[in-house]
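One structure is given below, encoded as structure tokens.
The values are calculated or read from the model by the stated rules, or taken from the named source; none is laboratory data. Not measured: the values here are computed from a predicted model. Every residue, glycine among them, receives a Cβ derived from its backbone with ideal geometry; neighbour counts consider all protein chains shown. We work out accessible area using only protein heavy atoms, side chains counted, and drop any ligands, DNA or RNA first. Shrake-Rupley method; radii C 1.70, N 1.55, O 1.52, S 1.80 Å.
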Amino acid sequence: MNRQLIRERASKYGVNSLMDFEILALLTNIKVDVLQELKSINEIREKVDRLEITDLQKQKLKALFDISTRIAKENTDIKDSIKSPKDIAELLKEEMRYLKKEEFRIVLLDTKNKVIDIKTISVGSLNASIVHPREVFKEAILRSSASIILVHNHPSGNPSPSHEDINITKRLVEAGDLIGIKVLDHVIIGDGYTSLKEEGII
């Protein structure tokens with residue numbers, strides 16, 4: 001299938017009639033066959049630097065992926081109350097699921113579970129030395145947070161918690177109890193998400 005046929009179908013039936021790879025082909029002038037070989041938007045995103053296309057076409061693809069992330073972020077009202085782990089996953093998944101390194105963030109909440117702010121505490125594989133209670137709760141104290149939710153990503157896509165994830169979580173929960181700022185949950189984002197509260201770890 002060539003781009004002209006795709007244009008004709010879009011004109012006749014609307015853009016909604018097109019497959020994801022067909023829309024990308026129209027917007028970037030990449031050959032349809034190159035994109036069609038890949039199974040999903042996620043696979044295209046992950047392999048964009050390895051595709052046999054021009055540097056300009058790679059830049060166009062990356063720009064499209066970036067703008068989609070920004071739109072998703074803008075469409076999430078940060079002032080809404082957090083009612084479940086799914087709310088946290090929806091708030092941060094588009095921003096965090098494709099990161100190449102692990103990032104540990106805290107979501108600061110007020111007494112009504114509304115988001116005050118989101119702070120990045122560390123970048124890199126999690127360990128007790130870089131995710132220290134002092135750094136985590138300093139931000140929470142400065143913003144007068146009533147409670148916090150821990151969030152980090154797994155670049156592998158598997159959101160299952162590691163032993164280190166569990167140990168860090170328990171350490172931070174204990175620290176929060178001591179100073180009166182409750183750790184409500186720890187959400188791990190990958191291809192899906194895992195809530196350590198739902199898993200009974202918190």
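With angles folded into 0 to 90 degrees, how steeply does helix 3-13 sit against the dominant principal axis of the chain? Use alpha carbons for both and round to 10.
Taking Cα atoms only, the helix is inclined about 80 degrees.
Among A146, L92, L26, which residue has its Cα positioned farthest towards the positive end of the charge dipole of the chain, with +1 placed on the Cβ of Lys and Arg, -1 on the Cβ of Asp and Glu, and the dipole taken about the Cα centre?
Farthest towards the positive pole: L26.
Which links in K12/K60; K93/K182; K60/K170; K47/K170 stretch past 32 Å when you go from one Cα to the other?
Working: K12/K60 26 Å; K93/K182 23 Å; K60/K170 43 Å; K47/K170 37 Å.
Listed pairs above 32 Å: K60/K170; K47/K170.
Considering the convex hull of the alpha carbon atoms of the chain, report its projected area averaged over all viewing directions, in nm², one decimal. Before the final figure, lay out the partial values.
On the way: hull surface 52.1 nm².
In nm², the orientation-averaged hull projection of the chain is 13.0.
Taking a cut-off of 16 Å between Cα atoms, list the lysines near K86, but don't count ones fewer than 8 places away on the same chain.
K73, K114, K197
Quick check on the stretch 137-201: what are the equivalent-ellipsoid semi-axes from the Cα gyration tensor, as sqrt(5λ), descending, whole Å? All intermediate terms of the calculation are to be shown ahead of the outcome.
Values: eigenvalues 102, 30, 18 Å².
Ellipsoid half-lengths, sorted descending, are 23, 12, 10 Å.
Give me the aspartates and glutamates in straight-line cross-link reach of K83: C-alpha distance below 17 Å, same-chain residues under 8 apart excluded.
Partners found: D110, D117, D185, E198, E199.
Leaving ligands, DNA and RNA out of it, rank S40, S11 by accessible area with a 1.4 Å probe, largest first.
Working: S40 50, S11 105 Å².
My answer, sorted largest first, is S11, S40.
If Lys and Arg each add +1 and Asp and Glu each add -1, what is the summed charge of the other residues whose beta carbon sits under 12 Å from the beta carbon of L18?
On the way: positive: R3, R7, R9, K12; negative: E8, D20, E22.
Combined, the nearby Lys, Arg, Asp and Glu give +1.
Ignoring the sites themselves, what is the longest stretch of the chain with no trypsin sites (Lys or Arg not before Pro) in a DSSP loop and at most 11 other beta-carbon atoms within 10 Å? Numbers along the way, then the final one.
Values: sites that count: K39, K79, K83, K100, K101, K112.
Looking at the chain, 113-202 is the longest stretch - no exposed trypsin sites (Lys or Arg not before Pro) with at most 11 other Cβ atoms within 10 Å.
With every protein chain left in place, what is the accessible area per residue of the chain in square angstrom, probe 1.4 Å? Write out the running numbers ahead of the final one.
Details: 11720 Å² over 202 residues.
Ligands and nucleic acids excluded, the result is 58 Å² per residue.
Give me the dipole magnitude in Debye, nearest 20, for the chain about the Cα centre, with unit charges on the beta carbon: positive for Lys and Arg, negative for Asp and Glu. All intermediate terms of the calculation are to be shown ahead of the outcome.
On the way: 32 positive and 32 negative charges, 83 e Å.
The dipole magnitude comes to about 400 debye.
Are there GluC sites (Glu not before Pro) in the stretch 116-202 that DSSP marks as loop and that have at most 16 other Cβ atoms within 10 Å, and which are they? Walk me through the intermediate numbers first.
Numbers: sites: E135, E139, E164, E174, E198, E199; in loops: E198, E199.
Listed in order of number, the matching sites are E198, E199.
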